[in-house]
1. Tell me, which residue of segment 60-94 that is under 28 Å from Ser124 (Cα atoms) and among the polar types (S, T, N, Q) is nearest to the chain's Cα centre (by Cα)?
2. For segment 8-42, which residues satisfy the criterion of being in contact with a helix residue (DSSP H, G or I) (Cβ under 8 Å, 6 or more places away or on another chain) and assigned to a helix (DSSP H, G or I)?
3. Taking the residues in segment 92-133 that are modelled with pLDDT under 95 and among the hydroxyl-bearing types (Ser, Thr, Tyr) as candidates, determine which candidate is farthest from Gln19 (Cα to Cα).
4. Residue check: is Gln44 out of contact with any Phe, Trp or Tyr (no Cβ under 8 Å at 6 or more places or on another chain), modelled with pLDDT under 95, farther than 20 Å from Gly26 by Cα and in the same structural domain as Leu13 (by TED's automatic domain parsing)?
5. Mind listing whichever residues of segment 92-119 are in contact (Cβ under 8 Å) with a residue 24 or more places away in the chain, part of a helix (DSSP H, G or I) and loosely packed, with under 15 Cβ neighbours inside 10 Å?
6. Quick check on my filter: what residues within segment 6-53 are more than 18 Å from Lys74 (Cα to Cα) and either surrounded by 17 or more Cβ atoms within 10 Å (Cβ to Cβ) or among the hydroxyl-bearing types (Ser, Thr, Tyr) (or both)?
7. Looking at segment 121-138, which of the residues that are free of Cβ contacts under 8 Å to residues at least 24 places away in the same chain, exposed (fewer than 13 other Cβ atoms within 10 Å of the Cβ) and not aliphatic (A, V, I, L, M) is nearest to Gly92 (Cα to Cα)?
8. Of all residues in segment 63-91 being small (Gly, Ala, Ser) and not in a strand (DSSP E or B), which is farthest from Ser148 (Cα to Cα)?
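The values are calculated or read from the model by the stated rules, or taken from the named source; none is laboratory data. What you are looking at is a predicted structure, and each value in this text was computed from that prediction instead of being measured. Glycine also receives a Cβ, built like all others from the backbone with ideal geometry; neighbour counts cover every protein chain displayed.
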Amino acid sequence: MHSHLDSPSGPALRVELSQLDLRYEGCRLKSPAAEARLLAAIAQAGIQEPLQGVELVSVRILLNGFKRLRCARKLHLHTAPFVSLGTDEASGIVCLLRAANDHALSLLEQARFLDELKAGRGLSVAEIAQQLSRSKAWVSLRLAFWRS
């Protein structure tokens with residue numbers, strides 16, 4: 001039986017917050033109201049949902065959990081649960097996009113991550129669509145939104 005801190009890649013590890021690479025923080029939107037609610041919940045019960053990212057040989061790159069990270073820092077926590085979503089950045093982003101329903105990531109957040117796959121990782125619209133089990137139109141619409 002899996003706990004809420006487990007993922008398909010295995011149980012969550014405790015990681016030092018100071019050692020996380022935050023290069024994708026700009027792909028996520030901030031919500032001060034949601035962050036304030038989360039801060040209160042974490043102060044009361046700790047971090048219940050692990051941070052998500054990719055674990056490479058020399059670095060852990062955060063993809064999901066930036067609000068939790070900022071709350072943990074405000075509460076002077078030094079570690080948090082972390083699960084790896086893939087063996088490299090592209091597979092981690094694909095896993096995050098596949099797992100997120102259309103409400104978990106905003107249209108803008110989806111577009112930013114898709115642009116990273118296309119421009120940053122060199123994947124074609126067809127390759128992205130296939131990996132996400134989405135249509136090319138779904139991918140193209142979000143990429144066009146990002147460029148507008």
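1. Per the stated criteria, the residue is Asn64.
2. Leu17, Glu25, Gly26, Cys27, Ala34, Glu35, Leu38, Leu39, Ile42
3. By that ranking, first place goes to Ser133.
4. No: the conditions fail for Gln44.
5. Across segment 92-119, the qualifying residues are Arg98, Leu107, Leu108.
6. If the condition is that a residue be more than 18 Å from Lys74 (Cα to Cα) and either surrounded by 17 or more Cβ atoms within 10 Å (Cβ to Cβ) or among the hydroxyl-bearing types (Ser, Thr, Tyr) (or both), then Ser7, Ser9, Ala12, Tyr24, Cys27, Arg28, Gln52, Gly53 are the ones that fit.
7. Checking each candidate, the answer is Gly122.
8. Ala72
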